[in-house]
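Here the structure is laid out as structure tokens; the discussion comes afterwards.
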Amino acid sequence: MNLSHTQRDWFNSRHAREALATLDVAALPQHIAIIMDGNGRWAKKQGKPRLFGHKAGVASVREMIGSCVELHIAYLTIYSFSAENWNRPQDEVSGIMKLFVEVLAREIANLNRQNVRVKLIGKVDDLPQCTRDAFAECVQSTAANTGLTLVVALNYGARQDLCQAATTLAADAVAGTLDSADITPEMIASRLSTAGIPDPDLLIRTSGESRLSNFLLFEAAYTELYFTDILWPDFGRDALVDALREYQGRERRFGGLS
Ligand code: IPE
Ligand code: IPE
Ligand code: MG
């Protein structure tokens, strides 16, 4: 496995071995979802513009990808831009869109080296052409990889995704290929942009906010939620290990009895 020097250093350090020894590697989540929040406040604390925080947040994303690869996590979903984030000042939105293009151009080789497959969820059609092109290239270039699946939620909103799922079901009902009385949760799941991806086991939100902000509302029905005050650019491997340790201490019942 190819890891950057910093990653290798961390995973080989005594500190890491001690941290990882507190985890049951056989009972790690299959799917981790993250609401990467707090970039703006992180930048503001240092008197810098908000985009500075978004740029700093990229290092945390890289660190999470490396950690998930190392821990053999199957799916990592990152909330990168919500359907509601268009309501931000135009210069912040265009700065974020440009940042995606820069980061993808720089990281595509690393993703391939780490055997990471990239998938997108969300309404990609409404993104600027350069951002769409950069993601399309990344998805295509990593499509055959068999390691971690990195699901990038981009212009994503769970309610909007549920609406488009309902639209396709309604169209089938009108066409007569589906009886509307027979619609099941599994059928709805199969029309969402997350179709084929297992539900998240653990959902992490940084920055002290305790809400889902229109993220994976259907899929997170039985997901374990973990909230931390750490701002996203400060969220690193140790913080991930803390979240995993807490997850492993939880009892998941799915409505049944233990
Ligand atoms: C999360 O950080 C990144 C995006 C929503 C794109 P924020 O930009 O929301 O940071 P805060 O919440 O304002 O600190
Ligand atoms: C959620 O964070 C969206 C992303 C992290 C991409 P927001 O900062 O947009 O959420 P609210 O507005 O605080 O709920
Ligand atoms: Mg925020």
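Compactness of segment 1-157 was expressed as the Cα radius of gyration divided by 2.2 N^0.38 Å, which yields 1.08. Rounded to the nearest whole angstrom, the semi-axes of the ellipsoid equivalent to segment 65-185, taken from the Cα gyration tensor as √(5λ), stand at 29, 21, 13, largest first. If you roll a 1.4 angstrom probe over the protein chains with everything in place, what fraction of the accessible area of segment 126-258 belongs to carbon and sulfur, to the nearest %? On segment 126-258, the fraction of accessible area on carbon and sulfur atoms equals 52 percent. Straight-line reach only, C-alpha to C-alpha below 22 angstrom: list the lysines that Lys55 could link to, leaving out same-chain residues fewer than 8 apart. Straight-distance partners of Lys55: Lys44, Lys45, Lys98, Lys119.
Note down the relative contact order for segment 158-230 as a percent, whole number, built from C-alpha pairs under 8 angstrom at least six residues apart.
33
Sorting 188-197, 138-147 by their mean Cβ neighbour count within 10 Å, with the most densely packed peptide first, gives 188-197, 138-147. Largest GNM mean-square fluctuation across Asn155, Asn110, Asn39, computed for the chain with C-alpha springs under 10 Å, falls on Asn110. Taking all protein chains as they are arranged and a probe of 1.4 Å, the heavy atoms of Phe227 leave approximately 80 Å² accessible to solvent. Sequence-distant contacts, meaning Cα pairs under 8 Å at least 6 residues apart, place the relative contact order of the chain at 27 percent. For the residues His31, His15, a 1.4 Å probe over the protein chains yields an accessible-area ranking, largest first, of His15, His31. One decimal place: the segment Asp234-Ala136 gains 32.4 nm when fully extended, by the rule 0.36 nm per residue minus the C-alpha distance. In the context of the full protein assembly, Val174 retains an accessible surface of approximately 130 Å², using a probe radius of 1.4 Å and ignoring ligands and nucleic acids. Note that segment 88-215 presents 49 Å² accessible area per residue, ligands and nucleic acids not counted, probe 1.4 Å.
The values are calculated or read from the model by the stated rules, or taken from the named source; none is laboratory data. All values reported here derive from a predicted model rather than from experimental measurement. Cβ sites come from the backbone with ideal geometry, for glycine too, and all protein chains shown count toward neighbours. Side chains included, ligands, DNA and RNA excluded: accessible areas come from the protein's heavy atoms. Shrake-Rupley method; radii C 1.70, N 1.55, O 1.52, S 1.80 Å.
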